[in-house]
Each structure stands twice: as structure tokens, then as C-alpha cells.
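The values are calculated or read from the model by the stated rules, or taken from the named source; none is laboratory data. Remember, it's a predicted structure, so these values are computed and weren't measured experimentally. Virtual Cβ from ideal backbone geometry, glycine too; neighbours counted across all protein chains shown.
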Amino acid sequence: MLDLLLHNACLPDGRQNMSVAVQDGRIVEVAPGLQAPATETVDAGGLLLSPPFVDVHFHMDATLTYGMPRVNASGTLLEGIALWGELKPSLTVDAIIERALSYCDWAVARGLLAIRSHVDTSDPRLLAVEALLEVKKRVAPYIDLQLVAFPQDGVIRTQGGLDSLKRALDMGVDVVGGIPHFERTMADGATSVKLLCEIAAERGKMVDMHCDESDDPLSRHIESLACQTQRLGLHGRVTGSHLTSMHSMDNYYVSKLMGLMVEAQVHVASNPCVNITLQGRFDTYPKRRGLTRVPELMAAGLTVAFGQDDMMDPWYALGSADMLEVASMGLHVAHMTSQSAMRQCFDAITTNPAKILDLPGYGLEKGCYADFVLLQARDPVEAIRLRATRLQVYRRGKRIAHTPAATASLDMPGRPLTTSFMK
Ligand code: FE2
């Protein structure tokens, strides 16, 4: 007897009328029209069953602090960092935990069941680290939370920055982060990349570094990151986050840089909602779009994922743990409007970030964890277009959230009574 049999589902790869059989928290079969006795049977109604959404890049220690102590007037990255610095002395472990848990509730409701969050290690008290390690433990039954030791104020620029980062890793933080473009000079930035990659290599950790998050066409930290990845043999374990300066770099230089990135198998995390608002702030017209070269990086064979980055914090006033909103923004800003490119945008919030996080048992295949989301859409493109309702969210074969279908009632005579916006 199966624990759960879900039938009549579409899958993101286009297969229709598929059944998914679940036993002991794992998928034991995926096949068309399966029939078998099960404790629970669910009719998917021909709708899209997706593996859970994955956020490759987030800052959970800052989430839900919008307006504390004031809002970011210039809308720039640098004012956001300064504002976060003003807020830090008043942070408490309990308040960070409470806000993070609220965010995680929203994430579960949105079918977002794996998150890589950077956690600021610049404050030697490491309050945010203590808080998010506690959150990671508490949400483990329903969210895979991976933490990155992130020296927000610069690992070299901050006195004791390297020591604090190492202590965070000792406490159990998973991944080594960095912010070379915020070090005092390009040379210090390159030194920080080298130091941090060496720490990761010594400790067997993955790396995820904020890199070149600026409009400066001469910023070169992703080049250093690719080079250190190659030198230390960290292939496939290193992610460059943001990489926004790539939009402004000289095309000849990028043709060389992309080769280095491919050689090192560096992954890419792009954060469209946040970078379309933070970047280009010093431009008049035309204004640059502030997103890295997503389709070109994908075409080169690199793994590219879209992240939320911020939600209601010093850098971004909006967001609601909705990765379909993030994919929609990425699609628009990167001109990814062909059918295949729109599907790639869906991959950028599901399978691609799962690969970057190295999530075990992710996917809709036999042997994977029974984690999935039933969406009120028939395919990935419709899911992005509608930011489709997450009708049912499952973790290890058990339903952990559900939302009523979105339908509008019409009061006009002679027209249908309801519409769900599906074609
Ligand atoms: Fe970030």
C-alpha cells in the first residue's frame, strides 16, 4: 500500500497524465496512468506538478527590517549597506529568529523549500549567525536552509573580519562568502577572493561570493574568483553572485572571461528584482539594466539561477517569497521571451539552484524525496505568467501547505461567471 498516489499531473518537462507514487517520504514511481492502492489519492486535474522552488541567494538575517531605522532614500547598494550598519547595534538574536521564521512560513506557503542565505559575519558578536543557525535547526523538517558566511563590511576592510568569518564556519555555517567589490581597492578585493577560496579549500567548503555588484565595467573580481577556483581545484563548488558589472564590460573582455568561467565551472546567481532597482542609479539616460548576461552565460553551459536576494529590508522594499515573481523579473530584464528561454527561467528557480546548492534527492524522479508543489497552471510558462497559486505543497510525502485556487467572479451579464486566467 502506497502512502500517496498523485495522478493526472503535467510535469515541467512536458509529460502529461503522469502519476507519482510515494512511500516513506520518497518517490517510488513516476509513470503515466499508474493505478495502485494508496492511503491518500490526489487528482492533480491536469495541472503542473513541480519540484519545490529553490532560492539560490537570500539574506535572511535582514529580512522584514524595512524602515528600521529608516528607508533607503537613494535606492543604492551603498546606502543599503550603510543603513544595515545603522541597524546592526540594535539587533537581537530573538528578533532575527522571529523575523526569519515569519519569512520561512511565507516560503513554505509559496512552495519555496530550499534557501541559500548569506549571514553577516562582520559583527564580532555573530548574533545573526547564532540566530540563523537556530532557524536552520527549527525549519529543517520543511526547509533546507544553507548558510553562507558573508563578511558584509569586507573581510579585509573590517578589523577582525577574517577571524569572525572563521568563527562562523566553526559554529556550523556551511559555505564561504565574500564581497570583494566592497573592499577598499581592487587589489584588496583580489586578495580577499584568494584568502577566502583558500579557507574553503582547506575546510572542504563550497564558495558563494558577492562579486562585481556594481555598474563598474572595470570590476574584475569574477575573473579572480574563476582563477582561484581553477588554481585550488574547486571546480563546480563555487558560485559568483550578482556579477552585475558584466552588463557593462567590454564585449571582447567578456569573451575571454566567459572562457575562464567555463574552465572553472563557476556557477552564477543572478538577482533580478533587486539588481534592476539597485543598479543604474548613477546613470541618467539611457539607464543600464543592472543584470548580468544571463542567456549568454546559460548558452556557454554554465549553471545560472535566479535569487530573491532581499525582501523588505534596507535594499528592497518588496517581495513575498515568490520565486515565480523573481523568474518573471529575470525573464523581462534579460529579454528571455522565447518559449525555450522562458522555460529556462523556470529552471533557474528549480533545478539549477538545486544543483548549485548540491541538494540531495531533489527532483521528480524515482528515488527522490517526495517534495513537490501542485501549481494552478498547466506548464512552466503559464506558471510564471500567472505567478501561479501553490495549490498544494508537499514535503517528504506530507502536505505542509495549501492555498485555494485563484478565480475571479464576474458580475457582467452574458459572460462566464468565473475566470482563472488560464487559457
Ligand atoms: Fe546579496
Could you check, for region 267-279, whether at least one of its residues is over 16 Å from the mean Cα position of the chain (by Cα), outside any helix (DSSP H, G or I) and either surrounded by 18 or more Cβ atoms within 10 Å (Cβ to Cβ) or not aromatic (Phe, Trp, Tyr) (or both)? yes
Within the group 308, 376, which residue is at pLDDT 95 or above and in the same structural domain as residue 75 (by TED's automatic domain parsing)? 308
Do the conditions hold for residue 233, that is, is it within 30 Å of residue 318 (Cα to Cα) and either of a type outside the set (Lys, Arg) or over 19 Å from the mean Cα position of the chain (by Cα) (or both)? no
Can we say residue 290 is crowded, with 24+ Cβ neighbours inside 10 Å and more than 13 Å from the chain's Cα centre (by Cα)? yes
Among the numbered criteria (1) under 30 Å from residue 382 (Cβ atoms); (2) surrounded by fewer than 17 Cβ atoms within 10 Å (Cβ to Cβ), which single criterion is violated by residue 250? (1)
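Table: residues versus (1) more than 16 Å from the ligand (Cβ to nearest atom); (2) touching a residue at least 40 places away in the same chain (Cβ under 8 Å).
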| residue | (1), (2) |
| --- | --- |
| 8 | yes, no |
| 11 | yes, yes |
| 24 | yes, yes |
| 51 | yes, yes |
| 81 | no, yes |
| 91 | yes, no |
| 96 | yes, no |
From the list 86, 134, 183, which residue is surrounded by 20 or more Cβ atoms within 10 Å (Cβ to Cβ), out of contact with any strand residue (DSSP E or B) (no Cβ under 6 Å at 6 or more places or on another chain) and charged (D, E, K, R)? 183
Does residue 75 fit the bill of being surrounded by fewer than 18 Cβ atoms within 10 Å (Cβ to Cβ) and outside the structural domain of residue 131 (by TED's automatic domain parsing)? no
Members of region 303-348 found to be more than 16 Å from the ligand (Cβ to nearest atom) and over 16 Å from the mean Cα position of the chain (by Cα), listed by number: 332, 333, 334, 335, 336, 337, 338, 339, 340, 341, 342, 343
Mind checking which residues of region 301-315 are in contact (Cβ under 8 Å) with a residue 60 or more places away in the chain and surrounded by 24 or more Cβ atoms within 10 Å (Cβ to Cβ)? 305, 306, 307, 308, 309, 310, 311, 313, 314, 315
With the checklist (1) of a type in the set (A, V, I, L, M, F, W, C); (2) farther than 24 Å from residue 125 by Cβ; (3) surrounded by 14 or more Cβ atoms within 10 Å (Cβ to Cβ) in hand, flag the one item residue 93 doesn't pass. (2)
Checking the conditions here, which among 382, 325, 365 is among the acidic types (Asp, Glu) and part of a loop (DSSP other than H, G, I, E, B)? 365
Please tell me if residue 136 is among the basic types (Lys, Arg), within 18 Å of residue 197 (Cβ to Cβ) and either more than 16 Å from the ligand (Cβ to nearest atom) or not assigned by TED's automatic domain parsing to the domain that holds residue 239 (or both). no
Filtered residue count, region 385-423, keeping only those that are over 19 Å from the mean Cα position of the chain (by Cα), in a strand (DSSP E or B) and not basic (Lys, Arg): 10
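Looking at this structure, is residue 245 more than 21 Å from the chain's Cα centre (by Cα) and either within 16 Å of the ligand (Cβ to nearest atom) or assigned to a strand (DSSP E or B) (or both)?
no
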